[in-house]
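Here, each number is a calculation from the coordinates, and none is a lab measurement. Here the structure is a predicted model, which means the values were calculated and not measured. Methodologically, a virtual Cβ is constructed for each residue, glycine included, from the backbone with ideal geometry; neighbour enumeration extends over all protein chains shown.
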Amino acid sequence: MLQTLFRLYSKKWTPKGYHLKALKFLIEHQSGLLLLDPGLGKTSITLAAIAFLKKKGLIQKVLIVAPIRVCQLVWPAERNKWKDFHGLSMVLLHGPDKEELLQIPADIYLVNPEGLDWLLGVEKQMTKSGKQSIKPDRKRWKKFGFDTIVIDEISKFKHHGSGRFRALKQVNDTLQRRWGLTGSPASNGLMGLFGICFIVDGGRTFGQFISHYRRKYFHQSYNGFGWELQEDAEEKIYDRIAPLALRMAAEDYIKMPTLVPNYIKVKLPDKARRIYDEVWKDLIAEIDERVVTAANSGVRINKCRQIANGAIYLDPDVQALLKLPTKNREWVEVHDEKIKALDDLIDSLQGTPLFVAYDYGHDLERLLKKFGKDTPNIGSGVTAARAQDIERQWNAGEIPLLLGHPQSVGHGLNLQNDKKHICWFSMIYDFELYDQFIRRIRRNGNKSGRVFVHHILAEDTVDDDMLLAMSAKNKSQQELFSALKKRAKMKY
């Protein structure tokens with residue numbers, strides 16, 4: 001069984017007041033969103049709700065959908081941490097033997113979102129109109145007998161057109177309880193709330209169709225691309241979602257380290273500036289006699305982000321022309337200004353541990369070349385066991401420099417104790433990943449009074465634009481949180 005991979009502890013779960021508040025919410029809501037910041041114990045709260053309802057005979061079989069690292073590291077570890085939950089058996093449905101694992105009797109089954117197609121027996125076909133149809137095998141699904149679903153990091157279901165959303169939507173009616181957990185429900189705007197709420201309540205909050213939701217609360221932007229909120233729509237959205245969601249901010253219940261941002265500007269060398277300006281303006285540049293093209297604005301921005309960082313991938317057509325290998329995308333270095341700035345930051349910290357976020361593969365390659373190939377890294381391909389080992393070493397103060405990719409680090413790791421320095425070597429657009437990365441350090445249990453977030457930014461580049469966009473997204477989400485907290489006082 002999954003729980004045998006983790007040591008059993010005999011400590012009793014002693015809930016604080018805010019734990020009981022959230023526990024009461026889950027028990028009373030067959031459909032509910034628990035919007036808790038990392039560090040407030042949403043995993044233990046949910047396990048307590050499952051244990052209580054199972055003891056009362058109100059639930060029998062639970063499916064938890066979560067990112068794979070959260071499935072492997074968080075849920076089983078939390079189950080084993082408190083003796084109150086030792087009676088809950090768990091099975092992780094992952095790997096080549098998952099069909100056999102599904103036959104093992106258990107109280108809780110864990111699966112990552114990418115495994116839902118298999119679990120639901122999804123059949124995909126192209127229609128005559130060119131669209132893909134998604135059809136789950138309801139007979140297969142119903143024989144498993146799941147009566148409760150918990151979606152940890154439900155923001156991954158915000159895209160109503162995604163396959164995972166469309167598949168789960170068709171079997172939601174077979175479930176008695178549907179709970180969604182996240183700390184970032186509106187990280188990229190309020191449009192994503194439709195998908196998140198629908199998965200939990202089947203459309204009771206915002207209706208059955210995204211088109212109706214758009215027409216009621218949004219209008220198309222003046223250039224025809226994207227959607228903007230109608231006047232007074234925010235308050236209406238907040239009113240609608242309030243009965244479905246409980247928001248709890250870490251700052252309201254526990255002492256959190258103060259967040260201190262620091263912006264380190266670097267200037268592009270003349271050659272890099274010329275390449276950057278040409279890509280930005282003309283969508284084409286020549287780098288060491290190899291052509292780098294940008295077919296559209298999205299690709300152009302991506303290439304400008306890479307140039308700002310210091311390297312750029314070559315295009316597949318150029319690789320084919322020069323007969324370059326395609327297995328590993330070739331890239332060329334443009335400048336090393338960010339590498340130098342990071343080196344200076346490390347020197348200034350004089351051995352204080354630093355957690356560095358990178359985005360592109362060539363960022364990682366250059367960082368490892370500069371700071372040593374054995375520098376610990378949590379990125380694609382890192383096993384759960386290795387990630388757990390890195391977490392232990394970091395928290396023990398044995399790692400002075402740790403590299404991490406936001407998509408691999410965003411959920412499931414607890415990197416805290418007295419560590420207080422984070423550095424964004426590569427800026428990103430996704431506020432949820434940005435926020436969650438920082439919260440690996442800034443969370444309950446961190447003994448530091450302050451957490452410093454350093455940003456290495458290439459001057460007069462897309463780095464500045466991304467920072468502004470991040471601020472706007474944060475403002476949107478914080479407004480949602482504030483509204484939910486005000487409305488919650490009327491009931492709780």
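Determine the relative contact order of region 83-151: mean sequence separation of Cα pairs under 8 Å and six or more apart, normalised by residue count, in whole percent.
Relative contact order here is 21 percent.
Before anything else, pin down the relative contact order of region 1-137: Cα pairs under 8 Å, at least 6 apart, normalised by residue count, whole percent.
26
For the chain, just run the numbers: alpha carbon Rg, then divide by 2.2 N^0.38 Å, N being how many residues it has.
1.02
Beyond 16 Å, what percent of the Cα pairs of region 83-181 remain?
Cα-Cα pairs in region 83-181 separated by more than 16 Å: 61 percent.
Treating only the Cβ of Lys, Arg, Asp and Glu as charged (+1, +1, -1, -1), what charge dipole size does the chain show about its Cα centre? Round to the nearest 20 debye.
The calculation lands at about 2520 debye.
Over the chain, calculate the relative contact order: mean separation of alpha carbon pairs under 8 Å at least 6 apart, over the residue count, as a percent.
Result for the chain is 16 percent.
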